[in-house]
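The values are calculated or read from the model by the stated rules, or taken from the named source; none is laboratory data. All figures in this text were calculated on a predicted structure; none of them were measured in a lab. Here the Cβ positions follow ideal geometry from the backbone for every residue, glycine too, while neighbour counts run over all protein chains shown.
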Amino acid sequence: MAKKTAKEEVTSVAGSDQLREPAEIRYADQLEALRQNDQDAKPRSWRLSPRAVLTYIVGGKSLKAEIGGKKTDVPITRKFFGDDGLVERAIVTLASERALLLVGEPGTGKSWLSEHLAAAISGTSTLTIQGTAGTTEEQIKYSWNIARIIAEGPTPQNLIPSPTMIAMRGGLLLRFEEITRCVPDVQDSLVSVLSDKAIAIPELPDANMLWAKPGFNVIATANSRDQGVNELSAALKRRFNYIHIPMIADQKTEVEIVQQRSSELIAQYELPVKINPPILHMLATVFREIRQNKTSDGVSLKQPSTTLSTAEAIGVALDSALYAKFFGNGAVSPSDVARNLVGSIVKEDTADLAVLKEYNTLVARKRGASDKAWKEFHDTLAGQLG
Amino acid sequence: MQTALDAADVDADALAARVDAVLNDALYWFPVRHHSAAVARHLEVVISQRRPKVVFIEGPAEAQELIPFVIDSETRPPIAIYSSYRDDDNVLGLAGIASPAEDIAPRFACWYPLLAYSPEFIAMQAAARVGADVVFIDLPHFAQLERRTCTPARLPGVAVEEETGKSARPTDELIAESGFYQQLAKVAGYKSWNEAWDSLFEIGEVTTDPERFRRELATFCAAARATSNPDRILGDGTLERERHFLKTIRETLDRRKLEPTDAMVVCGGFHLFLDRDDVTPPPETPAGTVYTTVVPYSFFRVSELSGYGAGNRAPQFYQTGWDLFRSGRPDDLLTEHVVAVLKRARREGHAASSADAIAVTQHARMLAGLRGRPTPILDDIQDAIVTCCCKGNPEDEGLPLRRAIDLTNIGTKVGKVTSKLGRLPIVNDFFTQLSDLDLGEVLGHERLVKMEFDKRQPFDERRSVLLHRLRFLDVPLAALAETPGAEASAGLLFRERWSLKWNPKVEPHLVEQTLLGDSIEAAVLSKLHEQLAADLHQAGATCAQLRRAIDMDLPNLIAEVQTACGAAVDADTQFVSLCAALGHLTVLDRYAVYRNLRRIELADLIARCFDRACFALPDVASAPEEQHAGIVSALQSLAELVLRGGRDDVDRSVFANHVRTAAEHSTVPFLRGAFLGLLAELREITPEELAAHVAAFAQTSPDQMVLAGDFLDGVLAVSRTSVMLGAGSLVAAIDQLLQAAEWSVFLTMLPRLRAAFERLHDRQVDSLASCVARKYGLTEAARDRLTELKTSVGAAALIADIDRRVAEIMRKWSF
């Protein structure tokens, strides 16, 4: 079989009936190729060795593997852009006694990394609890089939296991998204899970403890903007290793990410649209400069209230592509970017309109004097802002 | 499989042959990396086994006679060999280029730091034990100065004078830039040269066989040299130094009639592969005054954090490794270091438990395993500490932890030099005075010590005098916490706050002052005389010297300086300089009784200085922009003196008249604004009149209107109370101006308008904002609605009662 390119992979995803497939399905070929070539020792219950997990996340050379009965070269693409050391620390944490908490600004790729780690280590990324203000202890531990309880009383068969319980039984990874959105009482129900590696089921006298199999661990994520809302208790904090995911440090990497992710999404939505590199570069520049309150040529800007993450930039790229397909000529223009920018930057605080206006007047207009694309961007945005 | 050698396009067989040739040479060459404990361990074994008669070491040839003092049993590293060169006859032609003036001889200095585990230091000690002589073979740093340029010496393991601002470890840089290293880093995932070095050679039992270690390091360096940019080697002085190595080695062997097998060479691994057939002679050493000595150094100075180019990233960490190895516990480095960091973190206010220490050591080992290392190196340990102990963003919540990591990595150790070396009289005087005044505590460690003196206490006064003298001599020991302009009003006239921190440059700096005198006082007197001569006819500078003479308790000089001040005040016509002089004189006037100054003469000086400053004022009415900040500051100090009152020798009307004249003649909007603003402060014009000047811009053409921002900037630069008193009229004037301005005119004006309003303090901003709010209809009623507090009748009564009582208390305080 010929070497499968990243583009073809994306197309195969696009061909699926599911709007979004989990990482272990999307990247099944890569995970299988890594498994077949993995020579290193694996921690118990892990599908891959830590080194192979690292390669899966940060990318590596193509591997020969037998996929679907055919020998083929499988490229291992980079999934996470940023400091590789950070991924190494995350993998080591998951092989240790402590759980992993990924913290960072919204849109820095915490959930994305969490999903890929779970897919590579456990082969499933779907054992997930979404933390909200309404998350209950039952959703973390277990609940009961009430009808059967009334009829038969508490038996193991009448217990409805939570993702935590399934992960513990299988020695798998549990993903806990936005843990700091949960109220402290609910968060604290994780303490015994993380320290004793067990869940007590007092309703079942003959099977009142569920012990986790080796390999079980938790990857939680928390938004640093939520800090102080439902701060983790000291007891829970010390059972987690925190890894802070920073905003992308350099322009080149940010452009790469926007390019790769927006291409994937455009393919997923089956949009026959192309976003040219200069447009993506412009988009990344706008986000970066407003986020950092300073332009590359030293002009100071007002501070926006939103984070303007790379994920937001990817969102604008996709919106622009959708606009170009359905209302434009199929090619994303600076106008399309400008048109879809306002909603990303101006959210809960209308003062951010002033931020965007300032940028358009002081920066985009000046650049527009010598650059057609910036002029088009400025004129459209000025029209949007009124 | 492709290796880094293949990727870097190196012929491995030819490289191996080259390495064999050097390692099998009759003269035994041992490669080193400066400050590497692993190299030192192997080198020590080799010297004790080979027992050479001579050991050639890559050390500064001009400091050869200092070797006995370096290895003296009283000497304790960290120390540094200090070497300075003064080009008395300007043979390099750098006078006026590398020195402040053509008649001042340029001076160049270098430090060669040595740690307890520096291979060169260990080699000197081992050589002494086997009875071998040590010969330093490196080219003196001043022989590498390029004529008519200021290019500093670029020597390995050498800290060059700070002002040169360049890294001084060229071989490390050359290796890190080499094609071989770049490929290796890419393949192995090394993020830095330090990480690569520690992984390959430093940490863990890489090999116990010194010969194998020597071969591996030599091969590495050969590959790096073979893939280095030849232009870099040509341009950074490496070849000149290597020529000096060879010349010294050959001449020494000839002179002492020794065979090459009787000797060994200890030098940077890169130099092992020098061109032995190079017939070009090394550069000549220029004539001049050379001074060398050994001085105590510190871990902080050696660390890369201090900015020292040849730094060691964690002197204390490697010292701990060295000590543990020597006590037979090399495997305890990880635990010892982690416990030390967490202990320090707790002192910095970061909660860290023993459970954290266990988690960190486990994490570090696993991380090292994942990264392909048998033992964790510093990078793994630091990553593990941050992962397991930092509960948030390392750049925010993790700052105390990161600080603890840095402090523990670096350490605070300061070295000691044997007393046999002898000290110059001025250095002795310094140490004696420090001891007499109980200031010796600053010598122990390189940490900040803060002190507060009440100069009315005789002992504090003596301490203050010494520190002022050291400060005047630019000895980098003590810094005065400045409280500009607050001395008198805050009652700080007799109180001083000092920050003291020992610095390895203290002693070398004192050595250089020996030209001025044999004691601190003699050096201070000479320097003050020199400066008085240089400051002739400059009132500000001369009066500053008078103030210094008083702070430094030089009674014999005070009368002389006071006379010089009178002459300078009479001769100086510069407004800013005269105002500065006036500032110094008024402070001295407050000291007068305490310092036994002749107050009548001082009052006369103040009066003369004030009058001359007033008359010089119109001369700066249209000064260029680069002088504006100085002029505004001078105007403010003069105005403060006038507004404070209480002096017969200061005539308010004279000052006001000259400010008015300056305002009338000024063609610079900013200065005109400042002069008119000052007149408003002096109540010579009303706030409404001032506002009318602002509003007048609204009637002008666009090219004049854009200057309104400058004018307002000038007004607000000097305004204190007039802005608050006349806020209403000023807001109305600005409003009128902005309504008249076109958008493009407004944009041009904007930066200066912003700058102007940034000068205001909070109360002024509040006052102006209230006026704007009133003007645009935010009524009191509306404001009440915004701040409406829903509360019970009882609570409201309680609040009213508290309010009344607070008001009563404040009345008593005369607010």
**OP:** Having 3 or more residues that are in contact (Cβ under 8 Å) with a residue 40 or more places away in the chain and within 14 Å of another protein chain (Cβ to nearest Cβ) is the bar; report the strands (runs of 3 or more DSSP E) wholly within segment A:143-255 that clear it.
**Re:** A:217-223, A:240-245
Original post:
Can you tell me which residue in segment B:85-117 is nearest to the chain's Cα centre (by Cα), limited to those that are assigned to a strand (DSSP E or B), modelled with pLDDT under 85 and not hydrophobic (A, V, I, L, M, F, W, C)?
Top reply: B:Arg107
Original post:
Does B:Gly288 count as assigned by TED's automatic domain parsing to the domain that holds B:Ile137, under 30 Å from the mean Cα position of the chain (by Cα), without any contact (Cβ under 8 Å) to a residue 12 or more places away in the chain and over 22 Å from B:Arg41 (Cα atoms)?
Top reply: no
Original post:
Does A:Glu264 satisfy the criteria of being farther than 17 Å from A:Tyr323 by Cβ and either under 18 Å from the mean Cα position of the chain (by Cα) or in the same structural domain as A:Ala324 (by TED's automatic domain parsing) (or both)?
Top reply: yes
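When you look at B:Ser577, is it polar (S, T, N, Q) and either within 30 Å of B:Thr432 (Cα to Cα) or not in a helix (DSSP H, G or I) (or both), yes or no?
Spelling it out, it is not the case that B:Ser577 is polar (S, T, N, Q) and either within 30 Å of B:Thr432 (Cα to Cα) or not in a helix (DSSP H, G or I) (or both).
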Original post:
Would you call A:Arg239 in contact with a helix residue (DSSP H, G or I) (Cβ under 7 Å, 6 or more places away or on another chain), of a type in the set (Lys, Arg) and either surrounded by fewer than 15 Cβ atoms within 10 Å (Cβ to Cβ) or in the same structural domain as A:His116 (by TED's automatic domain parsing) (or both)?
Top reply: yes
Original post:
Within segment B:119-142, can you find the residues that are in a loop (DSSP other than H, G, I, E, B) and either at pLDDT 95 or above or surrounded by fewer than 22 Cβ atoms within 10 Å (Cβ to Cβ) (or both)?
Top reply: B:Val130, B:Gly131, B:Ala132
Subject >> Complete set of residues in segment A:202-257 that are on the phi > 0 side of the Ramachandran plot and touching a Phe, Trp or Tyr at 6+ places or on another chain (Cβ under 8 Å) >> reply: A:Gly215
Subject >> Some residue of segment A:275-296 being of a type in the set (A, V, I, L, M, F, W, C) and farther than 22 Å from A:Ile257 by Cα >> reply: no
**OP:** Determine whether segment A:70-77 contains at least one residue that is buried (at least 21 other Cβ atoms within 10 Å of the Cβ), more than 19 Å from the chain's Cα centre (by Cα) and modelled with pLDDT of 90 or more.
**Re:** yes
Subject >> Breaking point among (1) within 18 Å of A:Lys213 (Cβ to Cβ); (2) modelled with pLDDT of 95 or more; (3) not assigned by TED's automatic domain parsing to the domain that holds A:Tyr27, for A:Glu97 >> reply: (2)
**OP:** Could you list all residues from segment A:105-142 that are within 24 Å of A:Tyr56 (Cβ to Cβ), assigned to a loop (DSSP other than H, G, I, E, B) and within 14 Å of another protein chain (Cβ to nearest Cβ)?
**Re:** A:Thr108
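Any residue at all in segment B:660-674 that's farther than 30 Å from B:Val706 by Cβ and crowded, with 17+ Cβ neighbours inside 10 Å?
No: segment B:660-674 contains no residue that is farther than 30 Å from B:Val706 by Cβ and crowded, with 17+ Cβ neighbours inside 10 Å.
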Subject >> Residues of segment B:520-555 classified as crowded, with 17+ Cβ neighbours inside 10 Å and not in a helix (DSSP H, G or I), total >> reply: 5
Subject >> Exclusive hit being surrounded by 18 or more Cβ atoms within 10 Å (Cβ to Cβ), within 14 Å of chain A (Cβ to nearest Cβ) and either of a type in the set (Gly, Ala, Ser) or part of a helix (DSSP H, G or I) (or both), set B:Ala340, B:Ala359, B:Ala355, B:Ala351 >> reply: B:Ala359
Original post:
Is it the case that A:Ser305 is surrounded by fewer than 18 Cβ atoms within 10 Å (Cβ to Cβ), within 14 Å of chain B (Cβ to nearest Cβ) and not charged (D, E, K, R)?
Top reply: no
**OP:** Please tell me if A:Thr5 is at pLDDT below 95, surrounded by 12 or more Cβ atoms within 10 Å (Cβ to Cβ) and among the polar types (S, T, N, Q).
**Re:** no
Original post:
Where residues in segment B:362-378 are at the interface with chain A (Cβ under 8 Å from one of its Cβ atoms) and under 19 Å from B:Cys389 (Cβ atoms), which of them is surrounded by the most Cβ atoms within 10 Å (Cβ to Cβ)?
Top reply: B:His363
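Rundown of residues vs (1) assigned to a helix (DSSP H, G or I); (2) at pLDDT 90 or above; (3) of a type in the set (Ser, Thr, Tyr), yes/no style:
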residue	(1), (2), (3)
B:Ile631	yes, yes, no
B:Leu643	yes, no, no
B:Asp649	no, no, no
B:Ser653	yes, no, yes
B:Thr661	yes, no, yes
B:Phe675	yes, yes, no
B:Leu690	yes, no, no
B:Gln704	yes, no, no
**OP:** With the condition kept exactly as written, say whether any residue in segment A:294-313 is in a helix (DSSP H, G or I) and in contact with a Leu (Cβ under 7 Å, 6 or more places away or on another chain).
**Re:** yes
